[in-house]
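Before any comments, here is the structure.
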Amino acid sequence: MKIYSESRSIKSLLTGNYADHHVDFNSVKDDGSSKCRFSRCIYHLFLFALLILIVDFALLIIYDLILIDLITSSEVSEIPLIMQDGIVDLSKYDMTSTNWALADECAIVPNEDRFDCFPRGPSNESVCTQRGCCWKPTESRTEMDGFKKLDVPWCYYPVAFKSYEQVNKTVANHVTTVFLRNVIKSPYPDDVPLLRMVIKAESNFRVHVKIEDATGKSFETPYPDTPVMSESISETALNYKISIEDDGPGFTIQRKSNGQILFDTRSGGFIFSKQFIQISSKLLSNNIYGLGEHRNNFMLDTNWNRITLFAHDSPPLDGINGYGSHPFLLNVANGGQSHGVFLKNSHPMEIILQPAPAITYRVLGGVLDFYFFVGPSPADVTKQYFDLIGYPFMPPYWSLGFHMCKYGQSSLQVTMDTLNRTMAAGIPVDVQWNDLDYMDRNNDFTRNKKEFAKLPEFIENLHSMGMHYVPILDPGVSAAEPRGTYPPFDEGLADQVFIKNESGLPLVGRVWSQGATVWPDFTNQNTITYWLNQLKRLHEDIPFDGLWIDMNEPSNFVDGSLRGCENNPWDNPPYTPIVEGGHLNFKTICMNAEQYLGKHYQLHNVHGFSEAIASNFALTEIRNKRPFIISRSTFAGQGKFSGHWTGDVFSTWNDMKHSVADIMSFNLFGIPMVGADICGFNGNTTADLCQRWLQLGAFYPFSRTHNSDDCIDQDPVSMGPEVVASTKKALEVRYMLLPYLYSLFWRAHAYGETVARSLFFEYPEDTRTYNISTQFMWGSALLIVPVLKEGDTFVQAYLPGEFWYDLKTFKRVVGGDVALSAPMDIIPVLVKPKSIIPFQYPGNTTTERLYLLPYKLSLSSRLSPFGLLVALDSNSTAEGFLYWDDGDSLNSYEWSHYNQISFAVANNCLSSKAKHWGYDVPMPVNLVLVLGVTSHVKNVTNNGQKCNFEYKAEFQGLFVFVDKTDFKDNVIISWSF
């Protein structure tokens, strides 16, 4: 305020208003000469006026220096008071296309490049031009309402629309800081008058662009914890070039190697108000992936596609906002060079993709906190993204087995009967789950001691057989139990850990409990201790091995609270994205609810993330083993703490098909432990659908069957003998390949790689791979091609490259467009040339135990000897790797308690090398199968000693049988012709 008052004093001096300055003209001394009195007064007045002008000029210079200093520092809170007169209020002017948005500026914008100036509500030429925008109807248009598809906007921004102008720019040490002054008011309240844009080169491959209110602190999401880069940077090593407009907020990021412009914000109607922020950019190509969670193909539709990121409890449907929020996209140019964009912001947001190609972000608050990753390969981009948000957690080995669950198992006996018939059928299974049925009246941290009286004994029996148990847990805690009878509520109330309403009392809604529900605030550190204590008490009763955290969007059976939500700007923002129900508090809690770190409006999208952190910590403390958590709601970076299942999908062929895109997308998001409810959750499945889905589900990274309480049983045995037979075949392949799958999860955890991935990750130069949403890979070596249409016994596939190997027949399959045979009991799986895949003989569980059935004695898969499947390329070379540890201990990789073995084939010789040996257990290998050996083999040696072998000319395969061979020793197997 000091600068402001000095400015007013200067103004009063210049206007001759001296009253406030107490200048006493009577104090001027008269020398007694009446003749000169007048001239002397004039003279003195002249000197005084001259002095005033000099002082005034000096003060103005000082004032300008202070203003510049304030602009170039972080202390600029007073600047808006002196800048507001410079803001243009468009409502005072007749804003027509001829006096603001010039006609030629409007005419040169092609339809696909139009950025919408009137995103919601009815518009016409008058209200459009009042915003300074162009109005030009198209020949055909679909009026938009609800979830219908967008169309070419009639009201759009002119090319030179600038709502902010630069007032200062500094460049130092690869950091550019720009201050931007608002000069055109937006249609939304509370435009931010002064912005700070900081563009920082954080590494040779990563750029950080942050645009924020320079006059005050805005909310920034606390998740994920993004580390500051300490990498030294040189201008010559940078793989990108940053350019900034001279007169506005626009900037571009360009790839140095070929000049590709990756992101270009120089048009599109930039807006930055307290609760509505909009920025648009041209993109490199229409090959765009990510921006979850929503129902879509893997490659996103850019034909006026609107995506809302606002966590919501709804079965996955077209156009509906989904369970989580992942504002990350991968953009791939034809030829394979790729880049990524991540907007770190947890507010509700809406994203528009248009044919230009271009993107528009509409964010309801906070800051624009962008990170750009310049690749250049798709795998490089995701690794650079995971470097920022955190690498995925290392799962326990047992979690890679087959899981079983059903909602509506009214008693423990029903659960046991289902599991027993599965095991009796010889179907591998590792984990039994229970939905709400095990709880007492659906209350968290309780057990139904009547119908699930022997649940603790059941779990101990599972453990004795090398199996595991996971229960469901909701974030909502019952507030309806009598005081003193339900510790989770009484203790939470005493610890003040529940989310509060506007009055400071716990916000009360309703979920599964029989009455009122309150929600722990996981952003409060006290809640971490509270959550740990409740889980400890539950674990003492039922010794569970993992947690299933559901309903954590958070879901609510009423809108806001039992008494609704008061009228406030958080529940009724100036702009509401297209969300189910039409308002933000639909079937969730009030947006103005108070949490430790801010309003629920700001933290809604990270509620599941914050619960996953608390649950991960609690499980680690309780079990002192690797935590295993599956969460419904997710946010960027959550893969460090939990996996995900895709929610309440329907038992339809279409939903099964979409699951392929879902698991590939979540691998882009850094959550490789992902799967869909096999056979579907909602609605009754059919035997044919369930049979095909069980085959596909055997290759989900997280493989679990589960369905609703009002649907038929859909465990494999209940579906009939044909389903049982094909399920056994598919799961036996999964269990055989678990060493390879586990090694892929290690690569994800240690190096930031994906587990399930698109074909274009391996063939980025092949544009045919870009739009495939019905095939996926495990790592670089295996391709899964599921049958996704009813009645099909062949499946059409595209195989890039020269050839592949069929995992069932071992025969070569020529690359290109192929029809793969897929009888009802088979899912096609192919092996990529130049691959070496470690495997084990499949058992009925994964763990290092025996279990006895009435029907047979069975080993676990981890106790079986190893084998190697070698798929030679046309040059007769191949390579692979294996990671091995005890499968359950904490920090095995970080503390070097693991074994790492590499494999390579060249010159008719297979070699294995133990690169690290920190887990001293036997790792015997007794079989090597080499595919692609084109001539009859006459001799095979193992470390110089002759060994047994068999050559199969019908598929050019060499079987090598070895004994007394261990991966601890360097193995060399050679063959000659």
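The values are calculated or read from the model by the stated rules, or taken from the named source; none is laboratory data. No experiment lies behind these values; they were computed from the predicted model shown. Glycine gets a Cβ as well: all are built from the backbone with ideal geometry, and neighbour counts include every protein chain shown. Just the protein is used for accessible areas: all its heavy atoms, side chains included, with ligands, DNA and RNA removed. Shrake-Rupley method; radii C 1.70, N 1.55, O 1.52, S 1.80 Å.
Tabulated results
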{"read-out": "Looking only at region 287-318, and only at residues there that are buried (at least 22 other Cβ atoms within 10 Å of the Cβ) and of a type in the set (S, T, Y), the one that is farthest from S633 (Cα to Cα)", "value": "Y289"}
{"read-out": "Residue match in region 592-604 (condition: assigned to a helix (DSSP H, G or I), more than 29 Å from D710 (Cα to Cα) and open to solvent by 10 Å² or more (accessible area, probe 1.4 Å))", "value": "yes"}
{"read-out": "Identity of the residue in region 255-281, under 25 Å from the mean Cα position of the chain (by Cα) and of a type in the set (S, T, N, Q), that ends up nearest to V171 (Cα to Cα)", "value": "T265"}
{"read-out": "Output for region 496-522, where each listed residue is surrounded by fewer than 20 Cβ atoms within 10 Å (Cβ to Cβ) and touching a helix residue (DSSP H, G or I) at 6+ places or on another chain (Cβ under 9 Å)", "value": "Q496, W512"}
{"read-out": "Residue in region 765-773 that is open to solvent by 20 Å² or more (accessible area, probe 1.4 Å), within 27 Å of V905 (Cα to Cα) and not basic (K, R) present", "value": "yes"}
{"read-out": "Pairs where the first residue, in region 287-307, is without any contact (Cβ under 8 Å) to a residue 40 or more places away in the chain and at negative phi and the second is open to solvent by 10 Å² or more (accessible area, probe 1.4 Å) and not in a loop (DSSP other than H, G, I, E, B), C-beta under 8 Å, 6+ apart", "value": "H294/T308"}
{"read-out": "Filter result for L731 (touching a residue at least 24 places away in the same chain (Cβ under 8 Å), in contact with a strand residue (DSSP E or B) (Cβ under 6 Å, 6 or more places away or on another chain) and in a helix (DSSP H, G or I))", "value": "yes"}
{"read-out": "Yes/no for N334 being open to solvent by less than 20 Å² (accessible area, probe 1.4 Å) and part of a loop (DSSP other than H, G, I, E, B)", "value": "no"}
{"read-out": "Selection status of A878, among the aliphatic types (A, V, I, L, M) and either exposed (fewer than 14 other Cβ atoms within 10 Å of the Cβ) or in contact with an Asp or Glu (Cβ under 6 Å, 6 or more places away or on another chain) (or both)", "value": "no"}
{"read-out": "In region 682-728, the residues that are open to solvent by less than 10 Å² (accessible area, probe 1.4 Å), touching a residue at least 40 places away in the same chain (Cβ under 8 Å) and among the hydrophobic types (A, V, I, L, M, F, W, C)", "value": "L689, L696, A698, F699, F702"}
{"read-out": "Matching residues in region 524-537 - criterion: being in contact (Cβ under 8 Å) with a residue 60 or more places away in the chain and buried (at least 22 other Cβ atoms within 10 Å of the Cβ)", "value": "T527, W531, L535"}
{"read-out": "Count of region 447-466 residues which are open to solvent by 50 Å² or more (accessible area, probe 1.4 Å) and closer than 12 Å to P543 by Cα", "value": "3"}
{"read-out": "Failed criterion for S976 (all others in (1) open to solvent by 30 Å² or more (accessible area, probe 1.4 Å); (2) within 47 Å of the chain's Cα centre (by Cα); (3) in contact (Cβ under 8 Å) with a residue 24 or more places away in the chain hold)", "value": "(2)"}
{"read-out": "Members of region 820-865 found to be surrounded by 19 or more Cβ atoms within 10 Å (Cβ to Cβ), at pLDDT below 95 and not in a strand (DSSP E or B), listed by number", "value": "P842, G843, N844, T845, T846, T847, S860, S861, R862"}
{"read-out": "Only one of F949, F955 that is hydrophobic (A, V, I, L, M, F, W, C), open to solvent by 20 Å² or more (accessible area, probe 1.4 Å), in a strand (DSSP E or B) and more than 30 Å from Y397 (Cα to Cα)", "value": "F949"}
{"read-out": "Test: H326 is more than 15 Å from the chain's Cα centre (by Cα), of a type outside the set (A, V, I, L, M), open to solvent by less than 10 Å² (accessible area, probe 1.4 Å) and under 27 Å from P376 (Cβ atoms)", "value": "no"}
{"read-out": "Total residues in region 542-564, condition among the basic types (K, R) and either under 30 Å from W398 (Cα atoms) or not in a loop (DSSP other than H, G, I, E, B) (or both)", "value": "0"}
